[in-house]
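The values are calculated or read from the model by the stated rules, or taken from the named source; none is laboratory data. None of the values given here were measured: they were computed from a predicted structure. Counting neighbours? That spans all protein chains shown, and the Cβs are built from the backbone with ideal geometry, glycine included. Side chains included, ligands, DNA and RNA excluded: accessible areas come from the protein's heavy atoms. Shrake-Rupley method; radii C 1.70, N 1.55, O 1.52, S 1.80 Å.
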Amino acid sequence: MIPSRVRLVEVGPRDGLQNEAGRVAAADKIELVQRLQAAGCREIEVTSFVSPKWVPQMADNAEVMAGLSRQAGVRYSVLTPNLKGLEAALATRPDEVVVFAAASEAFSRRNINCSIAESIERFAPVVQAAHAAGVKVRCAISCALGCPYQGEVGADAVEQVVRQMAAIGVDHCGIADTIGVGTPRRAQAAMERALKHYPVDEVSGHFHDTYGQALANILACLELGVSTFDSSVAGLGGCPYAKGATGNVASEDLVFMLHGMGIETGIDLDALVDAGAFISARLGREPVSRAAKALLARRAARREAAP
Ligand code: HMG
Ligand code: MG
């Protein structure tokens, strides 16, 4: 059942950097994307077309998209919460857009300022317009395993949103553990609900690593045959509307695990570590990724040992 190849959706430039308090230069964001694609990343979530009042860090969305040297075979995606965001996004030629709802009412209000039902109504024309422009639509269902405001979230609540996403024509369904509280059996239970409405190639997991459960949750989903996962280089990020939540599973940790299991990713781990070290240096901190830290320490030790 475990897939022999896994597709990583690199969300560091968006999910990672959206949470930074200090300004990150558009040029650094662009360089990060260039380094990620050079490392073999084939799906990159670049930015979001949300309100700059809500998430100031993503205000340079169009500039970043315009600055990319695109590589054939790479899919560049962006977040679009409404038609206004979609219109601005389409002008920058994304390959895919992402609508994001929540499985918890409280989080929906805090994150996108509307109820779950209103958000689905808002997304329906976004999906139609994206399809009319030939652009694929993915969704993220936040708080699928727990909510910072409401507490536990059950699989029924997740399935209700999955069903609505399928009904409005969303092509791909992402199950997101926004605050990283999920554990493997619960991750499987939520994913199984997505699999009732989407083929296995069109579901993915987005696991924040706040409680150190992300890799275990991914392994549990691999056991269901799921082969697409979001990850964030250097473990960057969090969500501005989920205080205390840390970044997604670090891409370097995930690639290390998958390669160790003999699963192909198409990613060059050393080059990925370099991309993570680059952006971490720009942010003035160490990468959060354990694998990256270990590999960087090994490199440093080899340099010291060299004559
Ligand atoms: P609102 O205030 O309810 O929107 O925000 P509105 O329609 O009433 O408009 C208010 C103002 O915002 C107007 O401007 C609009 O033009 C402007 P004003 O007249 O006041 O000058 N506006 C926009 N500007 C730029 N781009 C837009 C846009 N839409 C309206 N697209 C809205 C509603 C959804 C816009 C707001 O709540 C918002 O931007 N939220 C974004 C929150 C966000 O980005 N969260 C982080 C991403 S989600 C995430 O991280 C989770 C994920 O990783 C999965 C997981 O881990 O769970 C995906
Ligand atoms: Mg996230």
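When only alpha carbons are used to place a centre, region 172-209 and region 84-112 end up 18 Å from one another. Loop-located trypsin sites (Lys or Arg not before Pro) in region 26-80 (DSSP state other than H, G, I, E, B) with a sparse environment of at most 11 neighbouring Cβ atoms within 10 Å: K53. Summarising the amide proton neighbourhood of T47: residues at separation of 5 or more, or on other chains, whose placed amide H is nearer than 5 Å comprise L79. Amide H contacts of R75 (H built 1.01 Å from N, in plane; Pro and chain starts excluded): E43, I44 sit under 5 Å, all sequence-distant by 5 or more or on other chains. From helices alone, the chain scores -13000 deg cm²/dmol at 222 nm; the rule is -39500 (n - 2.57) for each run of n ≥ 4 DSSP H residues, then divide by the residue total.
For A66 and H259, what does the FRET efficiency come to when R0 = 35 Å and r is the distance between their Cβ atoms, rounded to the nearest 0.05?
It comes to 0.55.
Could you work out the equivalent-ellipsoid semi-axes for region 109-210, taking the square root of 5 times each eigenvalue of the Cα gyration tensor, largest first, in whole Å?
Numbers: eigenvalues 100, 52, 26 Å².
Gyration-tensor ellipsoid for region 109-210: 22, 16, 11 Å.
DSSP beta bridges confined to region 7-305 are antiparallel in about 5 percent of cases. Set the Cα radius of gyration of region 22-139 against 2.2 N^0.38 Å, with N its number of residues, and you get 1.07.
In terms of packing, defined here as the mean over residues of other Cβ atoms within 10 angstrom, the peptides 201-207, 20-26, 263-269 line up highest first as 201-207, 263-269, 20-26.
Unpaired cysteine residues in the chain (no second Cys Cβ under 4.7 Å): C41, C114, C139, C173, C221, C239. Taking amide hydrogens as placed 1.01 Å from N in the peptide plane, the amide H of S204 sits under 5 Å from those of C173, G174, I175, each at least 5 positions away in sequence or on another chain.
Can you figure out the FRET efficiency of E31 with D156, using R₀ = 45 Å and their beta-carbon distance, to the nearest 0.05? Mind dumping the intermediate values first?
On the way: r = 44 Å, r/R0 = 0.98.
The computed FRET efficiency comes out at 0.55.
An ellipsoid equivalent to the chain, defined through the eigenvalues of its Cα gyration tensor, has semi-axes of 28, 22, 18 Å when rounded to whole angstrom and sorted largest first. Restriction of the trypsin sites (Lys or Arg not before Pro) in region 273-307 to DSSP coil positions whose beta-carbon has at most 16 other beta-carbons within 10 angstrom yields R285. Per the Debye formula on identical point scatterers at the alpha carbon atoms of region 196-284, with no solvent, log10 I(q)/I(0) at q = 0.24 Å⁻¹ is -1.26. Placing dummy labels 7 Å off each Cα toward the beta-carbon, the span from I2 to K84 is 4.7 nm.
Set the bar at 24 Å for Cα to Cα. Now go through K84/K196; K84/K243; K53/K84; K196/K243; K136/K196 and name every pair that lies beyond it.
On the way: K84/K196 32 Å; K84/K243 27 Å; K53/K84 14 Å; K196/K243 32 Å; K136/K196 21 Å.
Long pairs (Cα-Cα over 24 Å): K84/K196; K84/K243; K196/K243.
Annotation: per residue accessible area for the chain equals 41 Å², rounded to a whole number [probe 1.4 Å, protein chains only]. Here the gap between D268 and R298, fully extended at 0.36 nm per residue and compared with their Cα-Cα distance, gives a gain of 9.1 nm. Calculated from the alpha-carbon coordinates, region 150-307 shows an Rg and a Dmax of 17.2, 64 Å respectively. Relative contact order for region 7-305: 18 percent, from Cα pairs under 8 Å spaced at least 6 residues apart, divided by residue count.
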